[in-house]
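I have placed the structure first, in the form of structure tokens, so that the comments after it can refer back to it.
The values are calculated or read from the model by the stated rules, or taken from the named source; none is laboratory data. Please read all numbers here as calculations on a predicted model, not as lab measurements. Because the Cβ atoms are built from the backbone with ideal geometry, glycine has one as well, and the counts that use them run over all protein chains shown. Accessible surface areas use protein heavy atoms only, side chains included; no ligands, DNA or RNA. Shrake-Rupley method; radii C 1.70, N 1.55, O 1.52, S 1.80 Å.
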Protein chains: 2
Amino acid sequence: MPESENNVEMLLSNKVSWLSDSGPEDDIAISSRIRLARNLEGIPFTISADPERLANTMSAIQVAIRKAGCFNLPLDFNLIKLKELDRKVLLERRLISREFVAERYGAGIVVNRDEDIGIMINEEDHIRIQALKPGFQLREVWEAINAFDDNLGKELPYAFDNDLGYLTSCPTNVGTGMRASVMLHLPGLVLSGQIYAVTQGVSKLGLAVRGFFGEGTENLGNLYQISNQSTLGESEEQIVDRLSTVIRQIIGHEKNARQALLEKKQEFLLNHVGRAYGILRHAYIISSEETLNSLSALRMGVDMGMFSSVDIHTVNELFVIIQPAHLQKYAKKELVSEERDVFRAALVREKLRTIDKNA
Amino acid sequence: MPESENNVEMLLSNKVSWLSDSGPEDDIAISSRIRLARNLEGIPFTISADPERLANTMSAIQVAIRKAGCFNLPLDFNLIKLKELDRKVLLERRLISREFVAERYGAGIVVNRDEDIGIMINEEDHIRIQALKPGFQLREVWEAINAFDDNLGKELPYAFDNDLGYLTSCPTNVGTGMRASVMLHLPGLVLSGQIYAVTQGVSKLGLAVRGFFGEGTENLGNLYQISNQSTLGESEEQIVDRLSTVIRQIIGHEKNARQALLEKKQEFLLNHVGRAYGILRHAYIISSEETLNSLSALRMGVDMGMFSSVDIHTVNELFVIIQPAHLQKYAKKELVSEERDVFRAALVREKLRTIDKNA
């Protein structure tokens, strides 16, 4: 098996650390994530480079990464050497962007074995470093990625302008080149009808709201990713602080909403969670959308003590592994949509088999 | 507590024998039922009698019933002495007709303690004897009710015409005065889309098709009551034989339909049953309609060996006790619709608590 392909198998046999490990406020905050866009001085942006140039740039970056020694157990992927299904697996694990699923020469990634830090090479920018931690810990992610970036910067000449900051392919990233985000699970705000007001408020503060699976997927699993929009005029610390303040407020709102539901609409809540659990435990055909929304209800129920012998990290992991490419990797064959719905139901039943609902 | 009211409590503490006991083909045939309409010679039909006359007729019939000694453990009910809720309980247990729920003087019933045989007094006819047995055993029901009727006829002068047969208030019952029916559970024919053709065919044979809860309720729980329409021109035995032949065919069709689903659409079937079970076990709010349809799926699953430690009689009983009046008797207070949905869910969870689904 070629190295890149072998590495995909290795990822699949691992747990995703930012989903499986505990973190602060992880009853509501799934994960914190920062990515930095960097480009190499004197080399044309990816978009205007020919395949040979891209291949050379990738090699140079890979050598520099090894030299910088900032990974514990790096896994290398040359994307053109992967089957499309494997690239989709990387997308579903949030290691690459949607653009990287298409066949592209000179496109690669290097990631730590536990997937907490990685680099996309020759995406929109030459380098996109991405770091993730479970729960709400943007500050800690920033410290980790900043140290990583400093190390790498010693080996690679970043394109940097004293007035503008880091230069990027798209003007919207110029400056810090940073996008910081927190993935929040907000079923309480959704069930109590407050979510629209909250996301509207967040937008007015100049922050972006997206779903777990990108723009327009906010209705899936009640997962909301809140991130900064602008990269100019603020330092990285200021961006992290401003975003953290808003996140802390949303977490407070969500806690209040759950508490109010528990106090004033207990039957409604128990019914919502109980039915979702019943479906997940006993369905034999289930769509991706119904699974995500049922997992959302289950996750809230777990947080509210309705279940024993399950933790929310099992649920977090399911958000990822019930996606189409993961299912087909587990099944070891291509599955059409109807077959995936059957296989997905079996996987969910198996994963939740040992969970008991408290009476 | 007055006697009639006390007797309602006694019924509620009993199991309904025709639902709880085993019978031939009871995976598909819930119960077999025959009623005979009889009137007393020389006394005006109920519809044209004043309250005093009705009261006198009722007393005379009650005395004759005791004298005939055809009940093991008779329970007497004077309906005017019952609260409306208690009359609804009797309706839900199929011991009285919908007309008897309204306040009526001189209306009564006498039933055996295990509810397998009973008499409505002063309904449309002076006397309506009804006998029930679990499963498909029309012939046995006929033998039981015939003996019972012969005994009673020795004590009461029935209105009888040598040409027409038994005289009844409504001309459609003249002759045998008999309506025989079998309640069938037909989820296989419904799921495989064959039910319409079957019920159309049954109608063409001059038989009637109704739902468990009367005309127009065929969609509830996939329960279908097939009965004879005509009471003239055939002997009781001929009616029973003709109806039995048709029922036997429908049971065969239903078995084939279930087998075909199991062979050709196994996932669909497992999913249908599994989801219903998940909902029944874990919902906290559930309507009557959803409960009946979920119980129907569960009942089929039990028959197909998908569950351990449950028998279909538990499910049969639930068909009756999840109805509004029963729920309110168990709760010992009036419940509005929303409260019933909560109480119903709790009752179903409790009753199915010990059922395990086979892996």
Any residue at all in segment A:337-345 that's among the acidic types (Asp, Glu), open to solvent by less than 60 Å² (accessible area, probe 1.4 Å) and outside the structural domain of A:PRO24 (by TED's automatic domain parsing)? yes
Only one of these conditions is not met by A:PHE307: (1) modelled with pLDDT under 95; (2) within 14 Å of another protein chain (Cβ to nearest Cβ); (3) farther than 20 Å from A:ILE28 by Cα. Which number is it? (3)
So, of the residues in segment B:170-208 that are of a type in the set (S, T, N, Q) and open to solvent by 40 Å² or more (accessible area, probe 1.4 Å), which turns out to be farthest from B:ARG242 (Cα to Cα)? B:SER192
For segment A:151-169, does any single residue satisfy the condition of being open to solvent by 50 Å² or more (accessible area, probe 1.4 Å) and either over 17 Å from A:ARG38 (Cα atoms) or within 19 Å of the chain's Cα centre (by Cα) (or both)? no
Which ones in segment B:331-344 are over 16 Å from B:TYR277 (Cα atoms) and in a helix (DSSP H, G or I)? B:ALA331, B:SER337, B:GLU338, B:GLU339, B:ARG340, B:ASP341, B:VAL342, B:PHE343
Which listed residue is hydroxyl-bearing (Ser, Thr, Tyr), assigned by TED's automatic domain parsing to the domain that holds B:ALA180 and either over 30 Å from B:ARG35 (Cβ atoms) or in contact (Cβ under 8 Å) with a residue 24 or more places away in the chain (or both), from B:SER287, B:SER230, B:SER203: B:SER230
Filtering segment A:170-179 down to residues that are in contact (Cβ under 8 Å) with a residue 24 or more places away in the chain and in a helix (DSSP H, G or I), which residue is farthest from the chain's Cα centre (by Cα)? A:THR172
Scanning segment B:290-319 for residues that are touching a residue at least 24 places away in the same chain (Cβ under 8 Å) and hydrophobic (A, V, I, L, M, F, W, C) gives B:LEU292, B:LEU295, B:ALA297, B:LEU298, B:MET300, B:MET304, B:MET306, B:PHE307, B:VAL310, B:ILE312, B:LEU318, B:PHE319
Among the residues in segment A:318-330, are any within 22 Å of B:ILE279 (Cβ to Cβ) and surrounded by 17 or more Cβ atoms within 10 Å (Cβ to Cβ)? yes
Segment B:209-230 - residue that is in contact with a helix residue (DSSP H, G or I) (Cβ under 6 Å, 6 or more places away or on another chain) and over 17 Å from B:VAL246 (Cβ atoms) and, of those, modelled with the lowest pLDDT: B:LEU220
B:VAL310 being of a type in the set (Val, Ile, Thr), open to solvent by less than 40 Å² (accessible area, probe 1.4 Å), assigned to a helix (DSSP H, G or I) and outside the structural domain of B:TRP18 (by TED's automatic domain parsing): no
Pairs under 6 Å by beta carbon, first residue farther than 30 Å from A:ALA159 by Cα in segment A:25-41, partner modelled with pLDDT of 95 or more and of a type in the set (Asp, Glu), six or more apart or different chains? A:ILE28/A:GLU254
Residue within segment A:66-79 that is free of Cβ contacts under 8 Å to residues at least 40 places away in the same chain, assigned to a helix (DSSP H, G or I), closer than 23 Å to A:SER169 by Cβ and open to solvent by 50 Å² or more (accessible area, probe 1.4 Å) present: no
Given the structure, is A:ILE96 part of a loop (DSSP other than H, G, I, E, B), in the same structural domain as A:SER169 (by TED's automatic domain parsing) and without any contact (Cβ under 8 Å) to a residue 40 or more places away in the chain? yes
Condition check: crowded, with 23+ Cβ neighbours inside 10 Å and of a type in the set (Lys, Arg). Does A:ARG128 satisfy that? yes
Meets criteria (touching a strand residue (DSSP E or B) at 6+ places or on another chain (Cβ under 8 Å) and among the hydroxyl-bearing types (Ser, Thr, Tyr)) for B:SER296: yes
Hits in segment A:111-122 (condition: surrounded by fewer than 21 Cβ atoms within 10 Å (Cβ to Cβ) and over 23 Å from A:VAL240 (Cβ atoms)): A:ARG113
Considering only segment A:112-131, state which residues are touching a residue at least 60 places away in the same chain (Cβ under 8 Å) and more than 23 Å from A:PRO171 (Cα to Cα). A:ARG113, A:ASP114, A:GLU115, A:ASP116
Whether any residue in segment A:256-263 is touching a strand residue (DSSP E or B) at 6+ places or on another chain (Cβ under 9 Å), under 18 Å from A:MET300 (Cβ atoms) and buried (at least 19 other Cβ atoms within 10 Å of the Cβ) is what I want to check. no
Can you confirm whether segment A:29-37 contains a residue that is surrounded by fewer than 22 Cβ atoms within 10 Å (Cβ to Cβ) and either polar (S, T, N, Q) or touching a Gly at 6+ places or on another chain (Cβ under 9 Å) (or both)? no
May I ask you to list the residues in segment A:212-230 that are open to solvent by less than 10 Å² (accessible area, probe 1.4 Å) and more than 19 Å from A:GLN249 (Cα to Cα)? A:PHE212, A:GLY221
